[in-house]
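Chemist: I have a structure here, written as structure tokens, and I will follow up with some questions on it.
The values are calculated or read from the model by the stated rules, or taken from the named source; none is laboratory data. Given the structure is predicted, the values throughout are model-derived calculations rather than measurements. Cβ atoms come from the backbone with ideal geometry, glycine included; neighbour counts cover every protein chain shown.
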Amino acid sequence: MSTSTPRLALTRPVKTEAMSLGDDILSDAYTKIDLNIGANRTRAAIVSPYKGQFAWDTADAQRPDGGLHVNDGASWRYIGGWHDPRGRTSPDSWVGRGDQVQDNLALKLFQMTSVMSGDRRYMVRYSSTLRQRFVGSTTKANFIVKWAAGTNVEIDGNLIDSALVPIYGNTNGCCITVMRAIAFDPGDLGFVSGDLTIGLFTDQTLSADFIVNPSGGLTDMDVQDIGANI
Amino acid sequence: MATYTDRLKLRRPVDADFVNVDNDVNLAWDRIDDVINAKAVASALFLPSTPYQGQIVYQEDTRELKIFQGSAWITWASDKFPRGYVGGSSLSSNSANIAAGATAGPFLSFTFTPEANRYYWIEHELFLRKVSGTNQRNTWANVLLRWELGAVVTVGGTAVGTGYNLYSAHDETDNTVNGTMINEFTHAGGAQLTVGLFLTNGTSDRVCQIAGDADRVNRLYVRDVGAVA
């Protein structure tokens, strides 16, 4: 008596059995193979999945786990998908050092260029040190992050983040280190793909001066792909 | 009359049909063999021109596994993508004092075996405290990560990236400042190594230490953030 394979249930005839090679065996086998090759169907469409079977679901707001799934015999496990984070972008520069900031002057501390895509979301992170220059006042520095298509960005670029950072103290030399992480989505402003440059700027909003990166201080910046913009 | 499957176009004979070995067996095996698991293509130029829904290919130039989702090829996975948290260490008590001008450490360290051709980010946050010294002057220390093969890293280890100066917040003692930094690291891979955080007291007359307690936890951790190329 014929038997069946355990997963696709392909018919395995025996010698003594009268079966049609074309209709009973090949046609049935081809139908099952065709249906199961690759990742053809969604999880919902597969009524009795076998262990190791693939399913592909489309990602959308209602199904954020869209992507490839594999069945482990009891449940579907998410394996990966288009909207997963892709990590480090490839900046042309990595670490920058800034200069002393003067009154009301927007200063570009840092910029980095990466190949990016408008259908992805990114996280920019920066770290910098501020030092107050004069005695007897409180200083505030405004850190501004902007982006522009191409390999250069200036203060009139597209805004990603602005943060007012105070230094409270009454003596020369008070310092703080600031670190911020901000997600942004260049596709929101019509960016499609190609070089994109992110810049870190600062200016002074109160009367006392401050210094960015006082001797040996460092400004550091990185960009990560944190997933698709779905 | 024979019909054909939707995706691979395999010929399905019916009772009245003779089985033709060339068309019904050999050709079917070839088509199945061509696409089983993932078909490898050199670049996007060689993606199948008539893909079927759910077809999986491996694109060799980008090292991406792609799936045809009915209307477009979607990247599903790649060895270029990040693999996330590797490990780290923390310090929630005060360190030993660091004398003026002295270098000490590692205060935080982590041992792991990196893979070749990967980017690792070594991230740290720490609190620096002025312990004693001349009033009206802040304290500062240079913070530097180093690595060394084996389970221990010493002050003679190789620097990871650029160090930076971390300044205590005020002129008085017992004031702390929080420092954070990310250093990027790559290695030939395959060998155990240790990364560690070292401090050099930059002053000539002040003592500092890493401040740690329940509210001030110093951390160092390593993340795989993707392939180098």
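Chemist: Are any residues in region B:31-41 in contact with a strand residue (DSSP E or B) (Cβ under 8 Å, 6 or more places away or on another chain) and free of Cβ contacts under 8 Å to residues at least 24 places away in the same chain, and if so, which ones?
Modeler: Selection gives B:Asn37, B:Lys39, B:Ala40, B:Val41.
Chemist: Checking B:Asn138 against (1) under 30 Å from B:Asp34 (Cβ atoms); (2) buried (at least 18 other Cβ atoms within 10 Å of the Cβ); (3) facing chain A (nearest Cβ under 10 Å), only one condition comes out false. Which one?
Modeler: (1)
Chemist: Going by the conditions given, is A:Asn158 in contact with a helix residue (DSSP H, G or I) (Cβ under 9 Å, 6 or more places away or on another chain) and modelled with pLDDT of 90 or more? Reasoning before the result, please.
Modeler: Details: in contact with a helix residue (DSSP H, G or I) (Cβ under 9 Å, 6 or more places away or on another chain): yes; modelled with pLDDT of 90 or more: yes.
The answer is yes for A:Asn158.
Chemist: When you check B:Ala96 against the structure, is it buried (at least 17 other Cβ atoms within 10 Å of the Cβ) and at negative phi, yes or no?
Modeler: Values: buried (at least 17 other Cβ atoms within 10 Å of the Cβ): no; at negative phi: yes.
So B:Ala96 does not fit the description; no.
Conditions tested, residue by residue: (1) within 14 Å of chain A (Cβ to nearest Cβ); (2) out of contact with any strand residue (DSSP E or B) (no Cβ under 6 Å at 6 or more places or on another chain); (3) of a type in the set (Lys, Arg).
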{"site": "B:Trp147", "(1), (2), (3)": "no, no, no"}
{"site": "B:Thr158", "(1), (2), (3)": "no, no, no"}
{"site": "B:Leu166", "(1), (2), (3)": "yes, no, no"}
{"site": "B:Ile182", "(1), (2), (3)": "yes, no, no"}
{"site": "B:Ala188", "(1), (2), (3)": "no, yes, no"}
{"site": "B:Leu197", "(1), (2), (3)": "no, no, no"}
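Chemist: When both residues are 6+ apart or on different chains and their Cβ atoms are under 7 Å apart, which pairs have a first residue that lies in region B:15-26 and is surrounded by 10 or more Cβ atoms within 10 Å (Cβ to Cβ), and a second that is assigned to a helix (DSSP H, G or I)?
Modeler: Between residues of region B:15-26 that are surrounded by 10 or more Cβ atoms within 10 Å (Cβ to Cβ) and residues that are assigned to a helix (DSSP H, G or I), the close pairs are B:Asp17/A:Gly22; B:Val19/A:Leu21; B:Val19/A:Gly22; B:Val19/A:Leu26; B:Asp24/A:Gly22; B:Asp24/A:Leu26.
Chemist: Which of the strands (runs of 3 or more DSSP E) found entirely inside region B:1-102 contain at least 3 residues meeting this: more than 10 Å from chain A (Cβ to nearest Cβ), touching a Lys or Arg at 6+ places or on another chain (Cβ under 8 Å) and among the small types (Gly, Ala, Ser)?
Modeler: Working: elements: B:39-41, B:56-59, B:64-68, B:73-78, B:84-91.
The qualifying strands (runs of 3 or more DSSP E) are B:84-91.
Chemist: Right, next: Do we have B:Phe107 as within 11 Å of chain A (Cβ to nearest Cβ) and either of a type outside the set (A, V, I, L, M) or exposed (fewer than 15 other Cβ atoms within 10 Å of the Cβ) (or both) here?
Modeler: In short, no.
Chemist: OK, next. If I go through region A:70-92 residue by residue, how many of them are at pLDDT below 80 and under 24 Å from B:Tyr85 (Cα atoms)? So that I can check it myself, show each step before the final result.
Modeler: Taking region A:70-92 as the starting set, the residues that turn out to be at pLDDT below 80 are A:89-92.
If we keep only those that are under 24 Å from B:Tyr85 (Cα atoms) as well, we get A:89-91.
Matching residues across region A:70-92 total 3.
Chemist: Follow-up. Filter region B:199-209 down to the residues that are modelled with pLDDT under 90, in contact with a strand residue (DSSP E or B) (Cβ under 8 Å, 6 or more places away or on another chain) and away from chain A (no Cβ under 14 Å) and list them by number.
Modeler: B:Asp205 - this is the single residue of region B:199-209 that is modelled with pLDDT under 90, in contact with a strand residue (DSSP E or B) (Cβ under 8 Å, 6 or more places away or on another chain) and away from chain A (no Cβ under 14 Å).
Chemist: I'd like the full set of residues that are among the β-branched types (Val, Ile, Thr) and surrounded by fewer than 13 Cβ atoms within 10 Å (Cβ to Cβ), limited to region A:1-48.
Modeler: Across region A:1-48, the qualifying residues are A:Thr3, A:Thr5, A:Val14, A:Thr16, A:Val47.
Chemist: Name the single residue, out of those in region A:166-189 being modelled with pLDDT of 80 or more and within 14 Å of chain B (Cβ to nearest Cβ), that is surrounded by the most Cβ atoms within 10 Å (Cβ to Cβ).
Modeler: By that ranking, first place goes to A:Val178.
Chemist: Just to be sure, is B:Asp61 in contact (Cβ under 8 Å) with a residue 40 or more places away in the chain, surrounded by fewer than 14 Cβ atoms within 10 Å (Cβ to Cβ) and of a type outside the set (A, V, I, L, M)? Working first, answer last.
Modeler: Working: in contact (Cβ under 8 Å) with a residue 40 or more places away in the chain: no; surrounded by fewer than 14 Cβ atoms within 10 Å (Cβ to Cβ): yes; of a type outside the set (A, V, I, L, M): yes.
So B:Asp61 does not fit the description; no.
Chemist: A follow-up question, please. Condition first: in contact with a Ser or Thr (Cβ under 7 Å, 6 or more places away or on another chain) and either among the β-branched types (Val, Ile, Thr) or at the interface with chain B (Cβ under 9 Å from one of its Cβ atoms) (or both). Now tell me which residues in region A:11-28 satisfy that.
Modeler: Across region A:11-28, the qualifying residues are A:Thr11, A:Val14, A:Asp24, A:Ile25, A:Asp28.
Chemist: May I pose another question? Starting from residues that are within 13 Å of another protein chain (Cβ to nearest Cβ) and farther than 13 Å from B:Phe127 by Cα, keep the ones in region B:168-180 and report whichever is modelled with the highest pLDDT. Explain how you work it out, then say what you get.
Modeler: Filtering region B:168-180 down to residues within 13 Å of another protein chain (Cβ to nearest Cβ) leaves B:168-172, B:175-180.
Now narrow it down to the ones that are farther than 13 Å from B:Phe127 by Cα: B:170-172.
Working: B:His170: 62, B:Asp171: 62, B:Glu172: 66.
It comes out as B:Glu172.
Chemist: Please verify whether region B:213-227 includes one or more residues that are modelled with pLDDT of 90 or more, surrounded by fewer than 18 Cβ atoms within 10 Å (Cβ to Cβ), in a loop (DSSP other than H, G, I, E, B) and of a type in the set (A, V, I, L, M).
Modeler: Yes, the conditions are met somewhere in region B:213-227.
Chemist: Do we find that B:Ala44 is over 19 Å from A:Ala29 (Cα atoms), surrounded by fewer than 11 Cβ atoms within 10 Å (Cβ to Cβ) and at pLDDT 90 or above in this structure? Spell out the reasoning first.
Modeler: Details: over 19 Å from A:Ala29 (Cα atoms): yes; surrounded by fewer than 11 Cβ atoms within 10 Å (Cβ to Cβ): no; at pLDDT 90 or above: yes.
Considered against the rule, which asks whether it is over 19 Å from A:Ala29 (Cα atoms), surrounded by fewer than 11 Cβ atoms within 10 Å (Cβ to Cβ) and at pLDDT 90 or above, B:Ala44 comes out as no.
Chemist: Further question on the same structure: Scan A:Leu8, A:Leu68, A:Leu35 and give me the residue that is without any contact (Cβ under 8 Å) to a residue 12 or more places away in the chain, within 13 Å of chain B (Cβ to nearest Cβ) and either in a loop (DSSP other than H, G, I, E, B) or not aromatic (Phe, Trp, Tyr) (or both).
Modeler: A:Leu35
Chemist: Under 6 Å between Cβ atoms, at least 6 apart or on separate chains: pull out the pairs that start in region B:118-137 with a residue that is under 14 Å from B:Ser89 (Cα atoms) and end on any residue that is among the hydroxyl-bearing types (Ser, Thr, Tyr) and assigned to a strand (DSSP E or B).
Modeler: Here the result reads B:Glu123/B:Tyr221; B:Glu125/B:Thr180, each pair linking region B:118-137 to a residue that is among the hydroxyl-bearing types (Ser, Thr, Tyr) and assigned to a strand (DSSP E or B).
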